[in-house]
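Heads up: the structure comes next, in structure tokens.
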Amino acid sequence: MLRFVWSLGGLALILGFLRDPALALLPPPRELPRADGATGRPWITGDFIPVQGLQTIAPGELAGKVHVATSWLGDDAAQGRAVTAWFRTSAPSVHVGVAGYPRHAGLQLWAEFRAADDSLSRFHCPLPDPMEEWSVWTLARPANAVAVRIVAEDRSSETYGWIAFSHPFRTSFRWAPAAYECLQVCATLALVLVLAWGPGLLWTQRGWPPELTGFVVLATGPLLLCAGGVLIWCFSGAIDARFLGAAVAGGLWLAIGVSAARRELTFAPLAGLPRVLVLAALVAAAVAAKSTFSVGPEGETFRGTISRNLAAGDRLDSRFAFYTVQAAAHHRSPTAPAVEALFHPWNFFSRGPLAGLAATPIALATGGRPTSSLPGQRWSPFDREGFAAYRLTLIVLAAGILPACFLALAPLLGEAWALAAGGFVALAPFGVHEIMFTWPKWAATAWLVVGFALCHARRAALAGLALGLGFLYHPLALLWAPWLALWLAGRTPRKLRPTAADLARFAAGVAVLVVPWFILGRLLPHSPSTPLAGQGSFLTYWLLADSHLANWTQWCHARWQNFANTFLPLHLVLSDFSFHHPHLNSTYEPSGALVKFAFVWWNTLPFGLGLGLWLLSLAACARAWRVLRAATVLFVVGPAALAVLYWGMDPLGLLRECGHPLVVAIIALTCAAARTSGAWWARQLAHPAVPWLQLPETLLMLWLTTLLNPRPWAALHADLDALALAANILLLLAAARLLSRSRPPAVAPPPPG
């Protein structure tokens, strides 16, 4: 299996290189012949005209030279009607290119099929508005139809009041571009898995302690990719960035293959590590399948574009790290005006650089050609701009939270409960959502978990470096610095000198990565029009209430909303203040009740964990308060209070803002309390049915608002949707089966040592 994944990853490099020449070999579309056999006569009559230079419509799905007509005569005010001639048809399907806004009021497009007895059947165009890019409408020919014609009407003078369509045509292998992109998604996911985890697994040595194994596994591959990203950024002005990306990713892929052929992967003393890696790969693949589905929730941010973030709301961070890929590919300085325009109102130094740098070689090596403008091109499963490859990289980096949890908890709880804890994170609605949403908060949290394990083992300097690496993924890591430091102090002998020495080493490890980044963000120039440059703006959150400077009463009200919307079930939708808050909406329009309800899986702890797991965790945390009070205070009560007091932006729930480590801490304490308890709730947590029972809520989170979206956006190759839906469900079922077969005992003896 490992050899197959490695080979599939190599195929991604070949597919990226051959995409354009391979698809150019497909036969062009052929226009249907006229039913009357006439030649040299117009194919269309009426008020529409051929698409001319004044109107630009991107090719999209319409490949080859086909006659096209539009109602746009220089502005949107033009109106008219167009009817094509009758065309002979005998193939099972007829294809018509469509552009513009056929679903706009006053616009209609339909096809009429004529049978041998001259009876007519009419089919209206069901496509979402393709806008300024060609979509292809495929019609199944009725069994008795012998001819077809297209009719279009434009009775609108409003903005976006135009429609365009093509000569009906037939084509062979229309499925080939979609199949090619689907194969690219699968192969690129394999490539990212190999490059992200392969180097660390090959470097680890038999007998290494789990905390050191976790550090090496999570650091080696991504940091090598980051080094490649820096190399590309430095030399892309002189050498083609795609060549550099292929050299970096291809060289690393080849080195991993050669090294793996010479030595065998060893997982001792943790026999469960391969299982948790398989779990992480299954969840990453399930999320990749969901991201290949062309439709998102109504009001999805960046809908219809390559950077669509699969969620409604105003969080734009999902494509933030991709701007680094664009800057590196075009050899532009982080402080260049064009780069600042991408990051506005922040700048390059407002977040950590590691996620974008790690994605750069992969996006370029798999055929990506990032533009220098915002990534607003029309969505397809594997776009030519490299965003899909970037998305897959961020998904795998986020899935690293699962092996991080396992390696940190195995020495404390035993492998069975450590795997169960990773499984609870993997199948929780919030866990899956945050692997899907391409901001690097799970990646930062994974490093916090590694930092905790290193603090527990009194490897203070490495623990500080781990926290610093987490910060370079996302600033939320710094909120947990005091709690890790206190845990480290508690693990040292109760003497001032060794405690101070450990804390000094920890602080030095943090400072060596964090301080230079703060200094760069502070000293390097930025545009006066960039109000949130650097990290300084995050320090003002203590003073804000609902994103504004406020008086004491408003501040207290906002903090109460922080608490209630995070920890109280359904407060987010039952409170008038929260439900009607302007930020509990799509960026584009007010959202309906269903879309607003879906925020509970993203913002609130009870639904984010899943209601069943949340109820069991309440009982477990009550026991943890009695038997593990120090850990409960340091990793649940203290961080929760700090987050509630700190967050000064919209008070709609903290889970998505900085609650990722809190979710892991609650799950870890739940498993720790259950491990030595014979209570009913502990037996329930260990039951083989638990992973299966997590799936319904997670599937609702993934698909409820997507499948009930009444206004889907136009996308390329939407015919892959059924495959993506099936793959997502099957992969999550496979993950649940793996966890169900590996359940821990309700009461287990302490691990050796």
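Read-outs throughout are calculated quantities, based only on the coordinates presented, and are distinct from any laboratory measurement. In this text, all values refer to a predicted model and were calculated from it rather than measured experimentally. Every residue, glycine as well, gets a Cβ built from its backbone with ideal geometry; the counts of neighbours run over all protein chains shown.
Tell me, what is the percent relative contact order of the chain, built from C-alpha pairs under 8 Å that lie six or more residues apart?
Values: 1498 pairs, mean separation 109.4, N = 753.
Over the chain, the number comes to 15 percent.
Taking neighbour counts of Cβ atoms within 10 Å as a proxy for exposure, in what order, fewest first, do 204, 188, 566 appear? Write out the running numbers ahead of the final one.
Working: 204 22, 188 30, 566 27.
Least crowded to most crowded, the residues run 204, 566, 188.
Each peptide in 421-431, 139-149, 503-513 receives the mean, over its residues, of other Cβ atoms within 10 Å, and ordering these scores from highest gives 421-431, 503-513, 139-149. Just so you know, the Rg over Rh for the stretch 178-251 is 1.09, from Cα atoms, with Rh as the Kirkwood radius.
Can you give the FRET efficiency to the nearest 0.05 for residue 83 and residue 519, using r as the Cβ-Cβ distance and R₀ = 60 Å?
Computed FRET efficiency for residue 83 and residue 519: 0.30.
Note on the stretch 542-675: with charges restricted to the Cβ of Lys and Arg (+1) and Asp and Glu (-1), its dipole about the Cα centre is near 660 debye.
Distance between the 7 Å Cα→Cβ label points at residue 238 and residue 123: 5.8 nm.
How many angstrom lie between the Cα centre of the stretch 80-117 and the Cα centre of the stretch 304-350? Cα centres, the stretch 80-117 to the stretch 304-350: 40 Å. Using the average count of surrounding beta-carbon atoms within 10 Å as a protection proxy, the listed peptides 205-213, 316-324 rank, highest first, as 316-324, 205-213. Remark: the residue 570-residue 31 segment gains 188.4 nm on full extension, using 0.36 nm per residue and subtracting the alpha carbon distance. Positive end of the dipole of the stretch 30-172 (Cβ unit charges, origin at the Cα centre): among 53, 166, 92, the Cα lying farthest that way belongs to 92. As a calculated quantity, the FRET efficiency between residue 17 and residue 175 at R0 = 25 Å, using C-beta atoms, amounts to about 0.70. Highest-first packing order for the peptide set 528-541, 722-735 is 722-735, 528-541, based on the mean count of other beta carbon atoms within 10 Å. For the pair residue 679 and residue 741, a Förster radius of 22 Å applied to the C-beta separation gives a FRET efficiency near 0.35, rounded to the nearest 0.05.
Taking the Cα centre of the stretch 136-274 as reference, the dipole from Cβ charges on Lys and Arg (+1) and Asp and Glu (-1) amounts to some 440 debye. Quick check: the angle from helix 611-627's long axis to the longest principal axis of the chain, C-alpha only, nearest 10 degrees? The two axes meet at around 10 degrees. The distance linking the stretch 645-691 with the stretch 28-77 is 59 Å (Cα centroid to Cα centroid, whole angstrom).
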